[in-house]
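Right, one structure below, let's go through it.
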Amino acid sequence: MAVDRNWGWIGGLVLAIGGLILVGGLALGLGSLRLVLHGEPVDGEVVEMRREGDMYAPVVRFRLASGESRTVKDLGTGAPDFAVGDRVAILYMPQDPADFRIATFDRLWSTAIIVALFGGFWLLFGAVAWGLSRGVDLPVLGETMFSVIAAGAGLIGLFVLWSAADLYTGGVRAQGVVQEIRANTRFDHERDIERTSYAPVVRFTTHGGREIEFHGRGGSDTPFVEGERVTVIYDSNNPIRARIVSFVDIWLPSAVAFAVSFLFGGAVWLSRRARRPKVPRP
């Protein structure tokens, strides 16, 4: 196989970029780890979900070890991940109470994991380019990369399916009302067109009398209209963990992950089968 040495510097560049992104993810994780190891744990309460444009930011109140009350706003997210009245655990640095986190897995670790995984994908493509510069067979590189993607998608699918099944079998059903259809527009530079996705904003009342507002799954279209009544299912211990009872909201994410795993895994199987040496017939 002819070797193109240009892949060497391309691979080095992509590996360097991936390494920097990975270091950024590790730095975010270390920041959370510092709070977990050295932060002061206290109980807090979500007193407001502040809407800022398309973002929802929880405002929490908690007391310092000295007894002083603090009301602070945490970072916003694209969909509400708390509801007013939620009791939450807070971690803050005693020497700087403004340095705090709501102590949930998502708030502490999700951003670091996503950034690290993004860096991992850059490293994966960089490794492919580096392999090409060393004369490694392209089918072998492709099979390796596709196998990693298939395995990752399969693991994500299992986790999402477990979460969906847990909610579907153990959740509480209630009636909700679609408050609005949120439109999110982004520009696709590759095709030079605008893409808009729509997500229903649903409000319901728990059996305990709390009002909860959450976002349904977004898409290029929506079958819902404002004012429509829908059946929702929610976690009684964490009511903001709620879904519209439909295939799209509950089961589609795991189905997509398994489909990606099947397609990439199938491509690896077909490639390896095609590369098997032909056994001559007697």
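The values are calculated or read from the model by the stated rules, or taken from the named source; none is laboratory data. What you see is a predicted model; the values in this text were computed from it and never measured. Here the Cβ positions follow ideal geometry from the backbone for every residue, glycine too, while neighbour counts run over all protein chains shown.
A few notes on this one:
- Single match in Thr196, Thr222, Thr231, Thr169 (criterion: assigned to a helix (DSSP H, G or I) and hydroxyl-bearing (Ser, Thr, Tyr)): Thr169
- Qualifying residue in the range 139-156 (condition: under 24 Å from the mean Cα position of the chain (by Cα) and of a type in the set (Phe, Trp, Tyr)): yes
- In the range 229-254, the residues that are exposed (fewer than 13 other Cβ atoms within 10 Å of the Cβ) and charged (D, E, K, R): Arg229
- If you check Arg173, Arg195, Arg186 for being at pLDDT 85 or above and basic (Lys, Arg), only one passes: Arg173.
- For Ser261, the stated conditions hold: it is part of a helix (DSSP H, G or I) and surrounded by 15 or more Cβ atoms within 10 Å (Cβ to Cβ).
- Note on the range 67-111: residues that are in a strand (DSSP E or B), within 20 Å of Ile240 (Cα to Cα) and hydrophobic (A, V, I, L, M, F, W, C) total 4.
- Here is the figure for the range 131-172: residues that are crowded, with 16+ Cβ neighbours inside 10 Å, in contact with an Asp or Glu (Cβ under 9 Å, 6 or more places away or on another chain) and of a type in the set (Asp, Glu) total 0.
- Enumeration of residues in the range 10-48 that are part of a strand (DSSP E or B) and either in contact (Cβ under 8 Å) with a residue 60 or more places away in the chain or closer than 30 Å to Ala127 by Cα (or both): Pro41
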